[in-house]
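Remarks on the structure that follows.
Values in this text are rule-based calculations from the coordinates and carry no lab data. These numbers come from a predicted model, not from an experiment. Cβ atoms come from the backbone with ideal geometry, glycine included; neighbour counts cover every protein chain shown.
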Amino acid sequence: MRKHFTISSTPININEVKQFIQLEDTGATVVFEGIVRPDQMPNEEAVATIEYEGLSEMAISELEKIALQIQSRYEIHSIYFHHLLGKVAVGQTAVWVGVGARHRKDAFGALDYLMDEVKKTVPIFKKEISQQQSEHWVVPNYNNEK
Amino acid sequence: MPFGILKDSLGQDWFQWEHEAPATVKDLREWLKQFPNIHPQLPIAVVFDQAYQPDSFEIKDGMQLYLMPPVSGG
């Protein structure tokens, strides 16, 4: 399986994902971009920016483990995952993901599985920052973040 | 080294922990309960050598550990 995992402060172009995941015998590609939403913070100020921090080397290691799980569940040819660290403004992309497979169901299923697992084990943490510079760490299953 | 909300709760980017041997991840978690800014319900993962470690993991002198709240990437 062709894999590419990056944790970086440099944004990419979505075409890089498409080019990487489409191989000769690929019949389905699914591409996902995670975009920073203008959510409301607990103090009711609107999110202007999210700042991501993480442990890159361990994040890649966790992504490799997830890829092995995906291989045992879905028939896919390729996975691309690129997550930004640092500040990302509302409306900007923070994560680019792509999966290539022979069939649609495997591609959709694998990408969905990948994102679910990323949100469980990959050591990346986000802090919401408002225009007024208030800050709020997002902690799932602790402050009711969905 | 604490990450995310733990960094703010502890008020520092790193700290040194002293404990009589043998010490485990469970002992470290117990010690962290003394910090009033850390919510008692906050799950804290302890990472060593790029992997999450269980309560029974023995912490030895000189180990660099990472303390992590629940992850929130993606």
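For A:Ile70, the test of being crowded, with 18+ Cβ neighbours inside 10 Å and either more than 15 Å from the chain's Cα centre (by Cα) or part of a strand (DSSP E or B) (or both) is passed. Could you go through the stretch A:121-132 and let me know if any residue there is without any contact (Cβ under 8 Å) to a residue 12 or more places away in the chain, within 9 Å of chain B (Cβ to nearest Cβ) and surrounded by fewer than 23 Cβ atoms within 10 Å (Cβ to Cβ). There is no residue in the stretch A:121-132 that is without any contact (Cβ under 8 Å) to a residue 12 or more places away in the chain, within 9 Å of chain B (Cβ to nearest Cβ) and surrounded by fewer than 23 Cβ atoms within 10 Å (Cβ to Cβ).
Of all residues in the stretch A:133-144, those that are more than 9 Å from chain B (Cβ to nearest Cβ) and within 17 Å of the chain's Cα centre (by Cα) total 0.
For the stretch B:1-18, a tally of residues being buried (at least 17 other Cβ atoms within 10 Å of the Cβ) and in a loop (DSSP other than H, G, I, E, B) returns 2.
Given the conditions (1) in contact with an Asp or Glu (Cβ under 8 Å, 6 or more places away or on another chain); (2) away from every other protein chain (no Cβ under 12 Å); (3) of a type in the set (Val, Ile, Thr), which single one is not true for A:Ile79? Here A:Ile79 meets the rest and fails (1). Of the candidates A:Ile35, A:Ile21, A:Ile79, the single residue that is of a type in the set (Val, Ile, Thr), crowded, with 18+ Cβ neighbours inside 10 Å and either within 25 Å of A:Phe125 (Cβ to Cβ) or out of contact with any strand residue (DSSP E or B) (no Cβ under 8 Å at 6 or more places or on another chain) (or both) is A:Ile79.
Would the stretch A:91-106 turn up any residue that is within 13 Å of chain B (Cβ to nearest Cβ) and either exposed (fewer than 15 other Cβ atoms within 10 Å of the Cβ) or outside any strand (DSSP E or B) (or both)? The answer is no; no qualifying residue exists.
Tallying residues that are loosely packed, with under 15 Cβ neighbours inside 10 Å and at the interface with another protein chain (Cβ under 10 Å from one of its Cβ atoms) within the stretch A:107-118 yields 1.
Does at least one position in the stretch A:40-61 carry a residue that is touching a His at 6+ places or on another chain (Cβ under 8 Å), in a helix (DSSP H, G or I), of a type in the set (Gly, Ala, Ser) and within 14 Å of chain B (Cβ to nearest Cβ)? Checked against the condition, which is being touching a His at 6+ places or on another chain (Cβ under 8 Å), in a helix (DSSP H, G or I), of a type in the set (Gly, Ala, Ser) and within 14 Å of chain B (Cβ to nearest Cβ), the stretch A:40-61 yields at least one hit. Of the residues making up the stretch B:19-56, those that are within 14 Å of chain A (Cβ to nearest Cβ) and part of a loop (DSSP other than H, G, I, E, B) number 10. Evaluated against (1) within 11 Å of chain A (Cβ to nearest Cβ); (2) in a helix (DSSP H, G or I); (3) hydrophobic (A, V, I, L, M, F, W, C), B:Val71 falls short on exactly one condition, (2).
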